Amino acid sequence: MRLRRLETYGFKSFADRMSFDFEDGITAIIGPNGCGKSNVVDSIKWVIGEQSAKALRGAEMTDVIFNGCATRRGMPFAEVTLVLDQLSAGMVIDTPEVAITRRLTRDGLSSYFINGKACRLKDIKDLLMGTGMGTSAYAVIEQGRVGFILESNTKDRRMVLEEAAGISRYRARRRIAARKLERVEIDLQRIAEVLAEVRRRARQVRKQAQDAIRFRDLTARAKELRLAFAMEEHGRLSAELAQLDSQLQQLTADEAAASAESARLEALVAEEDARLAPSEDLIRERERARADAQSARDVARAQTDECDAQLTELDRTEAEDRTALATVAERIAALDRQ
Ligand code: ATP
Ligand code: MG
């Protein structure tokens, strides 16, 4: 894989649209200090997805947008496009060239494109993985980094070499596959648990089904028996009803006869009542006369009692008078004697 072209617009010191074409062989950029050589490298790091503002020698990410100078105003956004020639890389896009674009506005809105089509940062990272151009790779070796690489330990150096050799892509795939395998194993375990539960449930359901069949048979039998019983009951009750009907008819006839007899007797009683009425008047009159006689007798008795009392009194005065008389006679005799 080779870099073919780099286009910048509003990136750091490159306010105007700039295009760098990289021919075959080695390209070197030369210029005085502060003319923007490192900014070219920064633009390459940025377009392939660098997320650290510090790694781009700024405080915030929006510091990469051209912020104006004495002669011109700042830009509203920065945009960089890197065209790669993918001949020697195992990249997934099948166009002969692939253009990666990153754009950032002042309000921090970031967007990415592959061949002019909007995409995610991840798509760009996936595209570059194993090409030796990842942001963490040493494809870009900045001022002061050479010594660091030479002095780094074997493990770190191995990482650099693996990325350059394109192994890291397979490592990442292996990690993903291992994670998938883990998930599948967990799924399998869960399925086994579910299966056990389902088997247990199936046993229960089978038992329930047997019970249901038995219940159905017994219910049918019970229904038959109830029906037979009901038929018998019906016959018996029908006969009883017929008998009761004839009894009722008999009793109705008896009642009619009794009613007629009762009416006749009532008429008779009324007749007798009418005949007895005068005698009853007479009786009442006689009773009144007897009461009168009784009260007259009571008055006469009272009078008799009073007379008896007077007679007794008179007897008593007579006796007294006789005593007095005897006394007087004695006195007279005495006087006579004297
Ligand atoms: P050296 O030879 O010292 O390494 P250099 O050529 O690498 O220098 P750079 O560091 O690439 O120079 O460029 C620095 C210049 O870029 C400075 O003049 C700085 O003002 C300018 N610059 C950086 N960011 C912006 C920005 N956002 N807007 C405008 N100019 C910027
Ligand atoms: Mg520099």
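A few remarks follow.
- Pairs where the first residue, in the stretch 21-48, is open to solvent by 40 Å² or more (accessible area, probe 1.4 Å) and the second is more than 9 Å from ligand 2 (Cβ to nearest atom) and not acidic (Asp, Glu), C-beta under 7 Å, 6+ apart: Asp21/Arg5; Ile29/Val40; Lys37/Ile29; Lys37/Gly31; Val41/Val140
- Among the residues of the stretch 10-26, those identified as in a loop (DSSP other than H, G, I, E, B) and either aromatic (Phe, Trp, Tyr) or within 16 Å of ligand 2 (Cβ to nearest atom) (or both) are Lys12, Ser13, Phe22.
- Failed item in (1) of a type in the set (Lys, Arg); (2) within 12 Å of ligand 1 (Cβ to nearest atom); (3) closer than 25 Å to Gln143 by Cβ, with Lys54 passing the rest: (2)
- Those residues of the stretch 1-26 which are basic (Lys, Arg) and at pLDDT below 90, in sequence order: Arg2
- Qualifying residue in the stretch 76-97 (condition: within 16 Å of ligand 2 (Cβ to nearest atom) and not charged (D, E, K, R)): no
- Number of the exception - Asp85 against (1) away from ligand 1 (no atom under 12 Å from the Cβ); (2) open to solvent by 80 Å² or more (accessible area, probe 1.4 Å); (3) of a type in the set (D, E, K, R): (2)
- Filtered by the rule that a residue be more than 11 Å from ligand 1 (Cβ to nearest atom) and either at pLDDT below 90 or within 55 Å of the chain's Cα centre (by Cα) (or both), the stretch 71-81 gives Pro76, Phe77, Glu79.
- Matching option when the condition is away from ligand 1 (no atom under 14 Å from the Cβ) and small (Gly, Ala, Ser), among Gly68, Gly49: Gly49
- Any hit, the stretch 227-243, residues being over 60 Å from the mean Cα position of the chain (by Cα) and at pLDDT 95 or above: yes
- Ile29 vs. criteria away from ligand 2 (no atom under 16 Å from the Cβ) and at pLDDT below 95: no
- Qualifying residue in the stretch 17-27 (condition: within 14 Å of ligand 1 (Cβ to nearest atom) and in contact with a Phe, Trp or Tyr (Cβ under 7 Å, 6 or more places away or on another chain)): no
- Considering Leu104, Leu84, the condition of being modelled with pLDDT of 95 or more, in a strand (DSSP E or B) and not aromatic (Phe, Trp, Tyr) is satisfied by Leu104 alone.
The values are calculated or read from the model by the stated rules, or taken from the named source; none is laboratory data. Just so we're clear, the structure is a prediction, and the values are computed from it rather than from any experiment. Glycine also receives a Cβ, built like all others from the backbone with ideal geometry; neighbour counts cover every protein chain displayed. To get the accessible areas, we keep the full protein, side chains included, count just its heavy atoms, and leave off ligands, DNA and RNA. Shrake-Rupley method; radii C 1.70, N 1.55, O 1.52, S 1.80 Å.
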